[in-house]
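Q: Mind looking over this structure? Questions follow.
Just so you know, all these numbers are worked out from the coordinates, no wet-lab data involved. These numbers were taken from a predicted model, which means no experiment stands behind them. Cβ coordinates were reconstructed from backbone atoms using ideal geometry, including for glycine residues, and neighbour counts include every protein chain displayed.
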């Protein structure tokens, strides 16, 4: 258990609320924040397990219909590539992996801000490609929800259906990477006591996000999320480089 685990749990709740509001999922915000408390490989495992329950909560609270054509095509490629990405983490040193994650998050945040109002073409090719890229990034760096969200946005799904389909795809992704991370012994047994608390937080954060979503603008929260990710990732990169004396 980290020394300030209460702070981590509050940040997890905040990330889940913002992730539900933005449509990106909580991982893009929670990964850099959790890395302030845990070894990065533990971050990958803890957040993967947390997101399994988070996605189950979303599927329960936003159960307005699954578009099978979208979830199958995007989900299969995402699950296959998340396993590859998660498997590759065992060959990268923790320090290098954390630095790579923060660089990828910065690049992703900048890309999402530049492409904020852009919509991809509605095509099977983009579903397979978006699933593959988002899955690979989720396995390697812990987050791929922004790419998945951008791909799904092209299909003009109603808000509730968008979240339900994204959650179903992400559930497969998070189950896949959770098995790989646990097999690789990334999850320290000292953190098992966090799991019941994270289950409660995942449901509470999703419910609060769903309630707030009725009264607020998604666009505003997406900008807040992306700017927060950009700032957090940049601070982590500077800390890493200073620690290494670069």
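Q: How much length would be gained if the chain were fully extended between residue 4 and residue 96, taking 0.36 nm per residue of separation minus their Cα-Cα distance, in nm to one decimal?
A: Value of the extension gain: 30.6 nm.
Q: What's the extension gain from residue 39 to residue 153 if we count 0.36 nm per residue and subtract their Cα-Cα distance?
A: Working it through step by step, the gained length comes to 37.7 nm.
Q: How far is it, in nm, from the label point at residue 200 to the one at residue 179 when both lie 7 Å from their Cα along the line to the Cβ?
A: In this crude label model, residue 200 to residue 179 measures out at 3.1 nm.
Q: Express the relative contact order of the chain as a whole percentage, based on alpha carbon pairs under 8 Å and six or more residues apart in sequence.
A: Value for the chain: 39 percent.
Q: What is the angle, in °, between the Cα long axis of helix 94-114 and the longest principal axis of the Cα atoms in the chain? Nearest 10 is fine, range 0 to 90.
A: For helix 94-114, the angle is close to 30 degrees.
Q: Find how much the distance from residue 103 to residue 215 grows on full extension, using 0.36 nm per residue of separation minus their present alpha carbon separation; answer in nm with one decimal.
A: Full extension of this stretch gives 36.9 nm more.
Q: Taking the Cα centre of each part, how many Å lie between the stretch 70-97 and the stretch 188-213?
A: 23 Å
Q: Quick one: angle between helix 124-141 and the longest Cα principal axis of the chain, in degrees between 0 and 90, rounded to 10, please.
A: The helix 124-141 is inclined about 20 degrees to the chain.
Q: Measure nothing fancy, just the Cα-based angle from helix 68-88's long axis to the longest principal axis of the chain, in degrees from 0 to 90, nearest 10.
A: 10 degrees
Q: For the chain, with a Gaussian network of springs between Cα atoms less than 10 Å apart, report the residue from 63, 177, 210 with the top mean-square fluctuation.
A: In this elastic network of the chain, the residue with the biggest mean-square fluctuation among 63, 177, 210 is 63.
Q: Then there is this: Rounded to a whole number, what is D in µm²/s for the stretch 5-243 from Stokes-Einstein with the Kirkwood radius over alpha-carbon pairs (37 °C, 0.692 mPa s)?
A: 189 µm²/s
Q: Let me ask something else. How large is the translational diffusion coefficient of the stretch 124-225 in µm² per second when you combine the Kirkwood radius over alpha carbon pairs with Stokes-Einstein at 10 °C and 1.306 mPa s?
A: Translational D for this selection: 102 µm²/s.
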